[in-house]
Structure formats: C-alpha cells, structure tokens
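Trainee: My questions will all concern the structure given below.
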Amino acid sequence: MTREMSIKNADFPDAHERHWKDAELLLDKKRLANADHLYGLSAECGLKALMQAFGMQVTSFGHPEGKDKVHVERVWQRYESYRWGHPFGVRYPLPLKNYFSDWDINHRYSNRRAFSKERVESHRRGAIIVRRLVLRAKREGLL
Amino acid sequence: MTIFDQIVPELVRICREHATLMERVQPVIINRDLNGRVRFVLNERWERDEKAREELSAFAKVAKDALGPHAYPPEQAFIFESDEELKCLLSQSPVFPLPGHEGIFVIDRLPTEGDWGKIEPETDVPRVVFFSIKGGVGRSTALAASAWALAEEGRRVLMVDLDLESPGLSTSLLPEDRRPRYGITDWLVEELVDNEGAVFNDMVALSELSQNGEIYVVPAYGSDPGEYVAKLARVWMPKITEDGGHTAWSARLRSLLDALERRWKPDVVLIDSRSGIDEIAAACVTDLGAMLILLFALEGDQTWSDYQILFHYWKTRGAAEKIRERLRVVAAMVPSGPKGGGEYLGRLRERAWDLFCQELYDRLEPEVLPGEDLFSFDLVDESGPHYPWHVLWDDSFSAIQNLHGVLQEVDKARVQTTFGPLVDGLKTWCFNDENR
C-alpha cells in the first residue's frame with residue numbers, strides 16, 4: 001500500500017537511511033555532536049521499521065503509539081518484544097549490549113565539546129548493527 | 001500465472017531482451033527473498049542517474065508482467081547499494097550466475113542457515129559423512145559396524161551422531177551405564193550462551209566394543225535427554241556476537257568437531273547425518289570438511305529421483321566440481337546370493353552411473369584430446385564415485401538397538417561378509433595418502 005508523500009506521514013526505512021547518510025557526512029567533517037544525534041535517530045528509525053514489519057501498530061500517519069513512542073535508548077529493548085512475536089524475528093537479533101544506553105534526545109541541547117570521538121564511534125557501531133538488520137530485511141522481503 | 005519454477009527462465013528471457021541495459025548497469029544481483037519475490041540490487045550510482053532510472057523503471061514493469069506475484073511493484077523493485085556491499089553480497093552464498101548472462105547473479109534468501117552450495121575444504125583428520133535421502137536404509141548400522149571394523153585394526157575412531165531428529169547411534173554402541181551425561185544437542189544449546197564448557201568434558205564415552213582400538217561415541221543426547229524437544233528447537237540458531245554479527249549453525253558445529261578432534265585425537269571421524277534434503281543434512285554434507293560422503297541408496301525410482309534433485313542443485317550452483325570427488329554411492333541392504341545380489345547391484349550401479357553422467361561427470365566430447373583431465377568414469381570403473389560399495393542385507397544386524405550385543409557375539413567373518421566392501425573402501429579412502 002503506497003502512502004501519500006506528506007510530511008506528516010512516517011516512512012521509517014527512508015528516515016533511517018537519510019539520518020544514516022547525513023550522520024556519515026557530518027562525521028567525515030568532524031561535526032561530532034550532530035553526527036551523534038543522527039546515529040541515534042537512524043538506529044531508532046531502523047528499529048521501528050523492523051518493529052512495524054513485526055506487527056507494531058501505528059497511527060493513521062504511521063507513527064507509533066503508547067510504549068512504542070520512545071527514542072533509541074528504550075527502543076532497543078522494545079524491539080525485542082516485537083521480534084519474538086514474529087516467525088522471522090529469530091533472524092533479526094540485537095546483541096545484549098545496548099549501544100545507545102547513554103544516548104538521549106535531550107543531548108541536542110548540550111555543548112558540542114561534550115561529545116567525544118569515542119562516544120560517537122560507539123553510537124556509530126550501534127547504528128551499523130541496526131543498518132545491517134534493515135539491509136537484511138530488505139533482502140529477505142521483510143521490508 | 002507465473003509459478004516459482006518459472007522465475008529463473010523468465011528472468012533469463014527478460015534480461016536477454018534488455019541486454020543493453022543489463023550490460024550497462026552490471027553487476028546486477030537478482031535477490032529472491034524468503035517469500036520467493038524478486039528484487040534487483042544495483043550499484044547506488046544508478047539511483048542518481050535519471051536516464052538510467054527511467055529505463056530501469058520500464059524494465060521493472062516488464063519484470064512485474066513476466067513474474068507476476070513473484071515480483072515487487074516497479075516502485076519497490078530496486079535496492080541500491082554501495083560497491084563494498086555489492087562485493088560482499090557476491091561473496092556470499094547461495095549465489096549463482098543467471099544462466100546465459102555474464103554479470104547477472106541470483107541470490108537466494110533462505111530461511112535456514114545451511115547451504116548445499118557452499119563446500120568447506122577438507123580437514124586434517126579424515127571425516128566421513130554417512131548420508132541417505134531416505135531413512136531406514138541401514139545407514140547408522142553400517143556406520144556402527146564400520147567403526148567397529150576400523151577399531152579392530154587398532155584405529156581410534158570418533159563417532160558423532162548428528163541425526164539429532166532421529167538419534168540412536170549411541171544406544172547401539174553404548175550400554176546404558178556407559179552413556180555420557182550430555183550430547184551434541186546440549187553443547188549446541190549451551191554454546192549459545194558461552195556455557196559449552198559445562199558440558200564438553202562429559203559428552204564423549206568410550207565404547208567397550210573394540211579390543212584392539214578405541215571407539216569414542218558422541219551421542220545426540222546424553223544419559224538423560226532432559227527437555228530434548230525444547231533444546232532441539234534451538235540448536236539450529238546462529239549465535240549472536242557482541243558486534244551484532246552472527247555465527248551460523250554449521251560454523252558452530254565445525255568448531256565443536258575441531259574441539260573434539262583436538263581433545264580426543266582420533267584417526268578418523270565418522271558422522272551420522274540426518275537423512276533427507278534439509279538444512280541439517282546440508283551442514284553435514286557440505287560444511288564439515290568431509291573428505292568422503294557416502295550416499296546410501298536402495299535401488300528404486302524414488303531414490304534416483306531424490307538424488308537427482310540434490311545433484312542438480314549442486315550443478316546449477318557451481319558446487320558440483322568441488323563435491324563430486326568426495327562422493328561414493330553405497331548400495332544398502334543388498335539381497336544376498338549371487339543371482340539376487342548380482343542383478344540388484346547391476347541395476348543400481350547402472351542407475352547411479354546414469355545419474356552421475358547426467359549431473360556430475362564431465363561430458364565426453366569427440367574433440368577432447370586423450371590425456372585431458374576429465375572427471376568421468378565408465379560404468380564398470382570401480383574408481384568412479386557412482387560405483388557402489390555395498391552392504392548386504394543380514395537379519396542379524398537389522399535391529400540397531402541390539403547392535404552392541406550383536407557385535408559382541410557375531411564373528412568377524414560375518415561382519416566382513418556383510419560390510420566388507422564398505423569397510424575396505426573406507427580404509428583405502430581414509431588412510432591411503434593418494435586419496436588425500
């Protein structure tokens with residue numbers, strides 16, 4: 001079912017991809033703080049794309065509801081609930097370690113000097129893990 | 001309406017009709033997903049090329065018309081990936097070239113991790129897989145008898161029961177009080193949580209059967225199967241690593257075999273495979289570095305029809321050349337008596353040869369010069385993998401549950417008569433350096 005191209009409508013796979021690409025561009029330019037935000041957003045959108053494929057209910061605009069209206073540091077755990085409810089979910093595991101446990105949407109208010117290279121690299125690794133799952137889902141027909 | 005088996009022929013046709021475009025955007029990877037739907041994976045530079053996008057869109061409409069429910073709508077027909085990702089994709093399996101088209105490949109996404117088309121290289125300790133398409137052909141009995149015969153010559157034999165869904169090998173060679181506490185299934189489950197150390201040292205038992213050599217038995221489950229069905233449901237799972245990568249079921253099994261070999265230092269490893277064509281059998285036949293794969297066969301149309309499916313798969317996936325030299329047909333449960341056995345064996349040999357010629361042997365061409373290195377054998381050439389080693393039908397060995405007692409009572413001459421050709425073939429294959 002195609003969704004009308006409105007800015008109100010969620011498109012998790014596309015959002016996951018654009019956040020990732022821009023995060024990489026920013027990292028390349030050593031814009032650590034904003035790269036860090038976007039790695040988190042990319043991972044969040046990727047996981048929500050998968051969660052929706054696994055059965056997550058969304059509003060008429062495609063947005064998650066209730067307990068699913070969270071950012072990446074909590075989505076990492078919410079994801080598991082949906083994964084186990086789907087026959088193909090076993091093929092899309094996340095590691096135990098939550099790479100975004102120290103990520104917070106409120107860090108968008110923080111001073112840029114608070115973002116170390118190590119922090120950003122760790123979040124990038126987490127985003128890559130999610131990216132691999134999304135790629136797999138596209139190849140296997142889940143997305 | 002297009003069905004699954006028409007996907008590849010239709011792709012061959014439409015790619016031929018759009019050859020110029022296909023050549024321009026190569027490599028083209030045709031991704032056939034878990035539901036059997038096709039998408040085209042291309043280099044991401046074509047995503048930004050407007051003219052190419054128009055042509056690709058027209059091609060996608062043609063594909064949708066040709067493939068029907070097995071294609072995505074044109075607006076979802078393409079996945080664009082980087083150079084690096086494309087290279088990585090092509091190095092994975094199962095992947096095979098689209099027949100008749102250079103630069104176009106098909107990747108099959110399968111629900112299971114096992115892959116018949118990927119052949120692991122041989123290991124240092126000879127590993128022999130006992131395989132059959134159907135159950136009930138005496139495969140496990142022959143394995144147990146082979147282990148005994150090899151051990152009687154002073155060899156140290158490690159027997160591994162990988163027929164996890166239908167285990168029983170260990171019960172045939174170990175009396176109840178000698179069975180180890182754990183088995184293969186326990187190791188595979190514990191290894192998922194890095195706890196394999198808790199079971200490794202108690203999953204092998206020494207059979208008392210042999211006086212001259214040693215037979216170490218690794219059962220599917222131990223003296224207490226525990227929650228076997230629940231454990232079995234997990235053994236095929238990949239293990240997830242810290243960075244989100246995963247270790248496939250077959251790689252985990254390989255690491256177990258390597259560890260067992262390091263610990264017990266056998267002269268030969270005999271592996272009882274699961275019968276049929278499925279992911280577990282796939283791992284046993286192709287992914288364990290077996291130097292010899294014994295294909296048990298009863299003479300009959302079903303046997304050859306089933307093996308034809310398997311051989312044809314290897315051939316179309318480009319795996320035939322790697323696997324064929326390691327194969328050997330075993331004629332199972334051959335009726336005894338010169339007339340019965342002779343006719344039966346003759347028919348079986350001919351059917352096997354027909355199939356090997358059709359699928360695995362190199363075709364002999366008139367213009368091929370003498371001395372060319374072709375993998376091809378005459379019907380009566382005993383060195384050919386089609387030429388069966390045989391196992392006679394013998395009532396005494398028909399009940400595997402009783403094999404431990406039977407082997408203790410039956411004289412060696414009878415074992416030699418029943419299993420001799422198989423055992424002799426094994427000895428020559430495993431311990432003659434020319435074959436390795």
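Trainee: Taking B:LYS64 and the conditions (1) without any contact (Cβ under 8 Å) to a residue 60 or more places away in the chain; (2) open to solvent by less than 50 Å² (accessible area, probe 1.4 Å), which numbered condition does it fall short on, given that it satisfies the others?
Mentor: In the conditions (1) without any contact (Cβ under 8 Å) to a residue 60 or more places away in the chain; (2) open to solvent by less than 50 Å² (accessible area, probe 1.4 Å), B:LYS64 misses (2) alone.
Trainee: Taking A:GLY89 and the conditions (1) open to solvent by 20 Å² or more (accessible area, probe 1.4 Å); (2) under 29 Å from B:GLU75 (Cα atoms), which numbered condition does it fall short on, given that it satisfies the others?
Mentor: (1)
Trainee: Can you tell which of A:ARG139, A:ARG113, A:ARG83 is in contact with a helix residue (DSSP H, G or I) (Cβ under 9 Å, 6 or more places away or on another chain), open to solvent by 50 Å² or more (accessible area, probe 1.4 Å) and among the charged types (D, E, K, R)?
Mentor: The match here is A:ARG113.
Trainee: Within the range B:211-240, which residues are open to solvent by less than 50 Å² (accessible area, probe 1.4 Å) and within 14 Å of another protein chain (Cβ to nearest Cβ)?
Mentor: Those that are open to solvent by less than 50 Å² (accessible area, probe 1.4 Å) and within 14 Å of another protein chain (Cβ to nearest Cβ): B:VAL235, B:MET237, B:PRO238, B:LYS239.
Trainee: A follow-up question, please. Return yes when A:GLU73 is among the acidic types (Asp, Glu), buried (at least 21 other Cβ atoms within 10 Å of the Cβ), outside any loop (DSSP other than H, G, I, E, B) and away from chain B (no Cβ under 14 Å) and no when it is not.
Mentor: Working: among the acidic types (Asp, Glu): yes; buried (at least 21 other Cβ atoms within 10 Å of the Cβ): no; outside any loop (DSSP other than H, G, I, E, B): yes; away from chain B (no Cβ under 14 Å): yes.
So A:GLU73 fails the test.
Trainee: Could you list, in sequence order, the residues of the range B:19-44 that are hydrophobic (A, V, I, L, M, F, W, C) and facing chain A (nearest Cβ under 9 Å)? Explain how you work it out, then say what you get.
Mentor: First, the residues of the range B:19-44 that are hydrophobic (A, V, I, L, M, F, W, C): B:19, B:21-22, B:25, B:28-30, B:34, B:38, B:40-42.
Answer for the range B:19-44, where residues must be hydrophobic (A, V, I, L, M, F, W, C) and facing chain A (nearest Cβ under 9 Å): B:LEU34, B:VAL41.
Trainee: With the range B:37-102 as the region, which strands (runs of 3 or more DSSP E) entirely inside it contain at least 2 residues that are closer than 13 Å to A:ARG139 by Cβ? Even if it seems obvious, please write down each step before you answer.
Mentor: On the way: elements: B:38-43, B:78-81, B:95-97.
Here the list reads B:38-43, B:78-81.
Trainee: While we're here: Within the range A:92-107, can you find the residues that are open to solvent by 60 Å² or more (accessible area, probe 1.4 Å) and over 11 Å from A:GLY40 (Cα atoms)?
Mentor: A:LEU96, A:LYS97, A:ASN106
Trainee: Can you pull out the residues in the range B:297-321 that are under 18 Å from B:GLY346 (Cβ atoms) and either open to solvent by 60 Å² or more (accessible area, probe 1.4 Å) or not hydroxyl-bearing (Ser, Thr, Tyr) (or both)?
Mentor: Selection gives B:ALA297, B:LEU298, B:GLU299, B:GLY300, B:ASP301, B:TRP304.
The values are calculated or read from the model by the stated rules, or taken from the named source; none is laboratory data. The structure presented is a predicted model; accordingly, all values stated were derived computationally and were not measured. Reconstructed Cβ throughout: ideal geometry from the backbone, glycine too, with neighbour counts over all protein chains shown. The protein model used for the area step is the full one, side chains on, heavy atoms only, and it has no ligands, DNA or RNA in it. Shrake-Rupley method; radii C 1.70, N 1.55, O 1.52, S 1.80 Å.
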